[in-house]
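Each remark here refers to the structure printed beneath this line.
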Amino acid sequence: MINISEYLTTQTPLPPFLPYPRFLLELDLSQTAKMTYVLLLDRATLSQKNLWIDERGFVFVIFT
């Protein structure tokens, strides 16, 4: 855990994070909708890595 008096350095361990696209900040959506998008985007990134794509190149997202 980072002490409040410490500065962020190149050696500071960062916690895992989810990608949050900047354009979501400007949209008139609920925080729940924005968070749902972020979670689905994270899953889509994993699907891309695993090559879970159809014949048209679309990425499958499995969210349970």
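Count neighbours as other Cβ atoms within 10 Å of each site's Cβ, and list the chymotrypsin sites (Phe, Trp or Tyr not before Pro) in region 8-64 that are DSSP loop with at most 12 such neighbours. Answer in residue order: F17, F58, F63.
Exposure proxy for D28, D42, D54: other Cβ atoms within 10 Å of each Cβ, ordered fewest to most, give D28, D54, D42.
Applying a DSSP loop filter and a limit of 13 other Cβ atoms within 10 Å to the GluC sites (Glu not before Pro) in the chain leaves E6, E55.
Here the calculated FRET efficiency for L29 and E55, from their Cβ-Cβ distance with R0 = 35 Å, stands at 0.65, rounded to the nearest 0.05.
Dipole orientation for region 25-64: of the candidates G57, T36, L46, L46 has the Cα lying most toward the positive pole (charges on Cβ; Lys, Arg +1; Asp, Glu -1).
Each reported figure results from applying straightforward, stated rules to the coordinates on display, with no laboratory input. This structure is a prediction, so every number in the text was calculated from the model and none was measured. Methodologically, a virtual Cβ is constructed for each residue, glycine included, from the backbone with ideal geometry; neighbour enumeration extends over all protein chains shown.
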